[in-house]
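Participant: A single structure is presented below for examination.
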Amino acid sequence: MIDICNLGKVFRRPAWALAARPRTGARSVRALRDVTLTVGRGEVLALVGPNGAGKTTLLRILATLLLPTEGSARIGGADVVRESGRAKRLLGLAAGDDQGFYWRLSGLENLEFFAGLLGMHAAAGRRRATEALERADLLPMAREPVGRYSTGLRQRLAIARALLGDPPVLLFDEPTRSLDPVAAAGFRTLAAALAREHHRTVVMATHNLEEAELLADRAAILTGGIVRETVAMDGPGGLTRRYHTLLGRPQ
Amino acid sequence: MTATILACLRRDYLLASSSRLALAWQVVAVGFAVPTLYYLGRMVHLGAVPALRAAGGDYFTFVVVGVAAATFFSAMMGACAAAVRNEQLGGTIETLLVLPASFPALALGVSLWAILVAAGQACVYFALASMVFPTHLAHANPAGVLCAAALTAAAQVPLGMLAAAFVLLFRRPDLLTGTLASVSVLLAGVFYPTSVLPPALRRAAEYLPLTHGLRALRMAAIQGAGPAALAGDLAALLAFAVGLFPVAVLACRFALHEIRRSGAFSA
């Protein structure tokens, strides 16, 4: 479902932007180098690694938000650069720090708007929005303005938005970062059901190794923009041990 | 495309109606502006300014057409850039760009509410001016007005696209629209005929689409001139539209490509 081949990304400060940007700092930063991964239909892949490892950059390239510097990535056969429109129809993205809502509108109104951008007309959009809110356990808050939502509730709303178009590929960036333990468990149950029962492909960046072990079929350990190792889940603690072997234990 | 535009319109209506006072003020403000222009116009004696002869010698009619049209066309030019800036500041631009809606549909959708509000304001200008105060709009030529308005809009839209590209790229407030609007107020003949300007400024004014738009609109609305009589200004507006549109499309494409390359979406 997802094919990533020799993907690389270097952030360069463009010459024309020198006047508009801070002149301090490095002129270029390599965020990803030679990443090759394949994720099958119904598979859950966890991206783990320290801060700055390139997890979010990889997810953003897959989400068509960022252009890679080299290599290619395909979602359902659609190249994320050349066929970004088709790729966008196949994916849903939810980020842990998602601010992408209109705070004066209710959760339902927000999702109805995004459903419109997915090409759904009013009635279908409302139905899908209600279903997505139900899946994210947000129906009781559906008519409240998003400004009154807690961080965790907004995160659940972002997950609901990712589910709105029922896409075959779901990209989650630290999906449980602000969730309470019950909501986090609810997310894991939902993500597992989406993968196992509905054969959705899930790629999830997380710092929570236990969560990755519970949910993922495989985990890619990234450091410095490189996939150091892809680990198949073979029982509790396996990923954590491998991660600490590669990256060292916290003192 | 329709679903995207309707969704944007509904969203902007909901956002605007969440602050009804601000929405109402946009109409009330026009109610204050029209009498102000009327009483200002009474200071200008009939025939005192030869340049106003083309406007039937009535300054009030002249300035109402100018202000209403400038309000509408400035909004048309700035709507997209303002919407892009709001999405940047609100942190929603990434969310919009990750969804499969096409950029032209999105750009039109997020601009439409502001354009409709400005069109409503222009209508209130004309309604108040013609119903409450004496104006010289009885001989308006609808075909001439329509042609002039449509072509002025067509010439302003690429400028709006350029402004939106600037905002996308630099993540700064829209300087282009603000500058053009100020220059237009000075040179395009919003408050006074361009013929009162010194020759150098008069020549510079010819490079602004609004100059041709206002001249054509006034001729059609006040003197009843049809499209044939407006041919010179309509041709200039068409040239602006045709010349600027490809540049604006390229600028938008470049801006979108650059933000996807740099990852710099929000403010």
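The values are calculated or read from the model by the stated rules, or taken from the named source; none is laboratory data. None of the values given here were measured: they were computed from a predicted structure. Cβ: placed from backbone, ideal geometry, glycine included. Neighbour counts: every protein chain shown.
Participant: Would you check which residues across the range B:1-31 are among the charged types (D, E, K, R) and facing another protein chain (nearest Cβ under 9 Å) and list them? Give the steps one after another, and end with the answer.
Facilitator: At the first step, the residues of the range B:1-31 found to be among the charged types (D, E, K, R) are B:10-12, B:20.
Residues satisfying the conditions are B:Arg10, B:Arg11.
Participant: Going through the range A:96-123 one residue at a time, which ones are facing chain B (nearest Cβ under 9 Å), of a type in the set (A, V, I, L, M, F, W, C) and more than 14 Å from A:Gln155 (Cα to Cα)?
Facilitator: A:Leu105, A:Phe113, A:Phe114, A:Ala115, A:Leu117, A:Leu118, A:Met120, A:Ala122
Participant: Next up: Name the single residue, out of those in the range A:84-107 being of a type in the set (D, E, K, R) and crowded, with 22+ Cβ neighbours inside 10 Å, that is nearest to A:Phe187 (Cα to Cα). Give the steps one after another, and end with the answer.
Facilitator: If we filter the range A:84-107 for residues that are of a type in the set (D, E, K, R), which is where we start, we get A:86, A:88-89, A:97-98, A:104.
Of the ones still in play, those that are also crowded, with 22+ Cβ neighbours inside 10 Å are A:88, A:98.
Details: A:Lys88: 23, A:Asp98: 16 Å.
Checked the range A:84-107; the qualifying residue nearest to A:Phe187 (Cα to Cα) is A:Asp98.
Participant: Please work out which one of (1) touching a helix residue (DSSP H, G or I) at 6+ places or on another chain (Cβ under 8 Å); (2) assigned to a loop (DSSP other than H, G, I, E, B) is the condition A:Arg126 fails and give its number.
Facilitator: Here A:Arg126 clears every test but (2).
Participant: Consider B:Leu9 carefully, then state whether it is in a helix (DSSP H, G or I) and closer than 23 Å to B:Ala119 by Cα.
Facilitator: Numbers: in a helix (DSSP H, G or I): yes; closer than 23 Å to B:Ala119 by Cα: yes.
The answer is yes for B:Leu9.
Participant: Within the range B:83-111, count every residue that is hydroxyl-bearing (Ser, Thr, Tyr) and without any contact (Cβ under 8 Å) to a residue 40 or more places away in the chain. Explain how you work it out, then say what you get.
Facilitator: Narrowing the range B:83-111 to residues hydroxyl-bearing (Ser, Thr, Tyr): B:92, B:95, B:102, B:111.
Add one more test, that the residue is without any contact (Cβ under 8 Å) to a residue 40 or more places away in the chain, and what stays is B:92, B:95.
Adding up the residues that qualify gives 2.
Participant: Quick one: would you say B:Leu217 is touching a His at 6+ places or on another chain (Cβ under 7 Å), of a type outside the set (Asp, Glu), part of a helix (DSSP H, G or I) and within 26 Å of B:His139 (Cα to Cα)?
Facilitator: No; evaluated as a whole, the condition is false for this residue.
Participant: Scan the helices (runs of 4 or more DSSP H) fully inside the range A:133-251 and keep the ones with 2 or more residues being closer than 21 Å to A:Thr36 by Cα and out of contact with any Pro (no Cβ under 9 Å at 6 or more places or on another chain). Full working, then the answer.
Facilitator: Working: elements: A:151-163, A:181-196, A:209-215, A:238-247.
Qualifying helices (runs of 4 or more DSSP H): A:238-247.
Participant: Quick check on this structure: which one of B:Phe254, B:Phe170, B:Phe265, B:Phe240 is within 14 Å of another protein chain (Cβ to nearest Cβ) and buried (at least 19 other Cβ atoms within 10 Å of the Cβ)? Talk me through it step by step, then tell me what you get.
Facilitator: Numbers: B:Phe254 fails: buried (at least 19 other Cβ atoms within 10 Å of the Cβ); B:Phe170 fails: buried (at least 19 other Cβ atoms within 10 Å of the Cβ); B:Phe240 fails: within 14 Å of another protein chain (Cβ to nearest Cβ).
Sole residue among the options that is within 14 Å of another protein chain (Cβ to nearest Cβ) and buried (at least 19 other Cβ atoms within 10 Å of the Cβ): B:Phe265.
Participant: Check A:Gly119, A:Gly125, A:Gly77, A:Gly92 and return the single one that is within 19 Å of B:Ile93 (Cβ to Cβ) and modelled with pLDDT under 95.
Facilitator: Every option except A:Gly92 fails the conditions.
Participant: Further, regarding this structure: Select the helices (runs of 4 or more DSSP H) contained entirely in the range B:25-141, then report the ones holding at least 1 residues which are over 24 Å from the mean Cα position of the chain (by Cα) and modelled with pLDDT of 85 or more.
Facilitator: Numbers: elements: B:59-90, B:93-98, B:103-132.
Filter on the range B:25-141 gives B:59-90, B:93-98.
Participant: For the range A:139-189, which positions are within 13 Å of the chain's Cα centre (by Cα), among the β-branched types (Val, Ile, Thr) and within 22 Å of A:Leu118 (Cα to Cα)?
Facilitator: A:Ile159, A:Val169
Participant: Here is a check on your reading of the model: is B:Leu14 in contact with a Phe, Trp or Tyr (Cβ under 9 Å, 6 or more places away or on another chain) and more than 30 Å from B:Pro193 (Cα to Cα)?
Facilitator: Details: in contact with a Phe, Trp or Tyr (Cβ under 9 Å, 6 or more places away or on another chain): yes; more than 30 Å from B:Pro193 (Cα to Cα): yes.
Taking the combined requirement at face value, the residue satisfies it.
Participant: Count, please, the residues in the range B:77-97 that happen to be of a type in the set (A, V, I, L, M, F, W, C), surrounded by fewer than 23 Cβ atoms within 10 Å (Cβ to Cβ) and more than 14 Å from every other protein chain (Cβ to nearest Cβ).
Facilitator: Adding up the residues that qualify gives 1.
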